[in-house]
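The values are calculated or read from the model by the stated rules, or taken from the named source; none is laboratory data. The shown structure was predicted, so the numbers you read here are calculated from the model rather than taken from an experiment. Every residue, glycine among them, receives a Cβ derived from its backbone with ideal geometry; neighbour counts consider all protein chains shown.
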Amino acid sequence: MKPRPTGRWFVQGQARPGRPKLFCFPHGGGSAAEFVRWSRQLPSVELSAVQLPGRGSRLSEPVLSTMDEVVAAVVDVMPTTAPYTVFGHSLGALVAYEVVRELRRTGRRLPDRLIVSGFPAPSTQRTEPPVHGLPDDELIAEVATRHGGLPGEILTDPELKAMVARYLRADYQVLETYEWRPEEPLPVPLTVFGGRDDSIGEDELRAWQEHVTEAVTVRQFPGDHFYFRENPAVVLRALAAVVRTTAVADRAA
Amino acid sequence: MNAHEEDLRAWLTTFVADVLDIGPEEVDPGAPWESLGVDSAMTLVLVADLSVVLGRTVQPIEVLSNPTIDAVVEHLVTFEAVGGERS
């Protein structure tokens, strides 16, 4: 198979050849940039983050609005020849999980570990009313109310608002049209991160256990849905420890 | 290339170096914003600071629609050369 360019899809932090790879999947409306900023505090890994079309330097590209499209596109370019760990936050957790399931279906190397953050187990029935059909203002306001993390200036600048609403809508459409399809649990160790003050409770985080055959570790940090913005040093130390422990276990196996 | 252009490039490079906590020499002015760790929220901080430096209101879209430091510098220089019309 001809190697495909990954540059637009996976934005790399500092190059660290030979280090375990960490692939990060952003939340709805999120950007690879936030993870790239983590790279310096995670010297033991070579970090890359997924940048979906319609944002950042991919602003002019058509957005993707279904899970199947996103997963197919990512799996197509994701490099899986060397050992790697996958981390996804919020919608990114769900995308990461579905990407790993697709990697298994297509016989590719699976990650040494999956780390999901701020998202309930994928089989959980969603109870929040859908927002992806709302007008731009209401869409942005509703997402800001539910999860925070959106600067208020977005609503006061018409061009910025239209730009953000376009990819935010696409991401929420991915989430809100998603249907979990039963499949064998993944043979992958799983770590679940969350914020103690997030609306997603510990039970919903623990429910991820039924989706893997390997051990699950749940770790909750002080803070809300974006707990890692409140105390990045603590979270990044924990993340580095999880990846390092996984890599050591991998070598010992 | 004029002095003003170089000043703008240096200013943007320093901004990004501060964000990433790295040396200015490590910042690639031809790299896309996301690979420099600059997202739309950070862009808002950048345009607020840039507006003070330039003495005019810089719109977020002027940065977001120009994907690199080099592209933004070129846009800003052109913007001033044509007297404030959007380039």
How many of the residues making up the stretch A:170-212 are basic (Lys, Arg), under 20 Å from A:Phe87 (Cα atoms) and in a loop (DSSP other than H, G, I, E, B)?
-> 1
Condition broken by B:Val58, with the remaining ones in (1) of a type outside the set (Ser, Thr, Tyr); (2) at pLDDT 90 or above; (3) in a helix (DSSP H, G or I) satisfied | (3)
When you go through (1) in contact with a helix residue (DSSP H, G or I) (Cβ under 8 Å, 6 or more places away or on another chain); (2) of a type in the set (A, V, I, L, M); (3) closer than 23 Å to A:Glu34 by Cβ one by one for A:Leu186, which number turns out not to apply?
-> (3)
Screening A:Leu139, A:Leu168, A:Leu175 for residues that are surrounded by fewer than 23 Cβ atoms within 10 Å (Cβ to Cβ), modelled with pLDDT of 95 or more, within 30 Å of B:Leu64 (Cβ to Cβ) and touching a Gly at 6+ places or on another chain (Cβ under 7 Å) leaves only A:Leu175
For the subset of the stretch B:13-66 comprising residues that are of a type in the set (Ser, Thr, Tyr) and either surrounded by 16 or more Cβ atoms within 10 Å (Cβ to Cβ) or out of contact with any helix residue (DSSP H, G or I) (no Cβ under 6 Å at 6 or more places or on another chain) (or both), which member is nearest to the other protein chains (Cβ to nearest Cβ)?
-> B:Ser35
Could you tell me which numbered condition A:Ser65 fails, if it satisfies all but one of (1) more than 18 Å from A:Thr85 (Cβ to Cβ); (2) of a type in the set (Ser, Thr, Tyr); (3) within 11 Å of another protein chain (Cβ to nearest Cβ)?
-> (3)
Which of the residues belonging to the stretch A:95-138 are of a type in the set (A, V, I, L, M, F, W, C), touching a helix residue (DSSP H, G or I) at 6+ places or on another chain (Cβ under 7 Å) and closer than 24 Å to A:Ser199 by Cβ?
-> A:Val95, A:Leu114, A:Ile115, A:Val116, A:Phe119, A:Ala121, A:Val131, A:Leu134
Test result for B:Val72, modelled with pLDDT of 90 or more, in a helix (DSSP H, G or I) and either at negative phi or surrounded by 20 or more Cβ atoms within 10 Å (Cβ to Cβ) (or both) | yes
Just one of A:Pro151, A:Pro158 is without any contact (Cβ under 8 Å) to a residue 60 or more places away in the chain, closer than 30 Å to B:Gln59 by Cβ, within 14 Å of chain B (Cβ to nearest Cβ) and touching a helix residue (DSSP H, G or I) at 6+ places or on another chain (Cβ under 8 Å); which is it?
-> A:Pro151
Is it fair to say B:Ala10 is under 18 Å from A:Val36 (Cβ atoms), in contact (Cβ under 8 Å) with a residue 12 or more places away in the chain and among the small types (Gly, Ala, Ser)?
-> no
Those residues of the stretch A:70-103 which are hydrophobic (A, V, I, L, M, F, W, C) and touching a Ser or Thr at 6+ places or on another chain (Cβ under 8 Å), in sequence order | A:Val75, A:Val77, A:Met78, A:Phe87, A:Ala93, A:Leu103
For residues that are in a helix (DSSP H, G or I) and under 13 Å from B:Leu54 (Cα atoms), scanning just the stretch B:76-87, find the one that is modelled with the lowest pLDDT.
-> B:Glu80
So is A:Pro158 surrounded by fewer than 16 Cβ atoms within 10 Å (Cβ to Cβ) and touching a His at 6+ places or on another chain (Cβ under 7 Å) or not?
-> no
Mind telling me which of the residues A:Val11, A:Val50 ends up being more than 9 Å from every other protein chain (Cβ to nearest Cβ) and under 15 Å from A:Val86 (Cα atoms)?
-> A:Val50
Has the stretch A:3-24 got at least one residue that is small (Gly, Ala, Ser) and touching a Pro at 6+ places or on another chain (Cβ under 6 Å)?
-> no
Residue count, the stretch B:1-38, condition over 10 Å from the mean Cα position of the chain (by Cα) and closer than 27 Å to A:Phe10 by Cβ, comes to 20
Condition met for A:Thr217 (closer than 30 Å to A:Pro43 by Cβ, of a type outside the set (A, V, I, L, M) and in a helix (DSSP H, G or I)) | no
Counting just the residues of the stretch A:14-39 that are more than 29 Å from A:Met163 (Cα to Cα) and more than 19 Å from the chain's Cα centre (by Cα), which one comes out nearest to the other protein chains (Cβ to nearest Cβ)?
-> A:Ala15
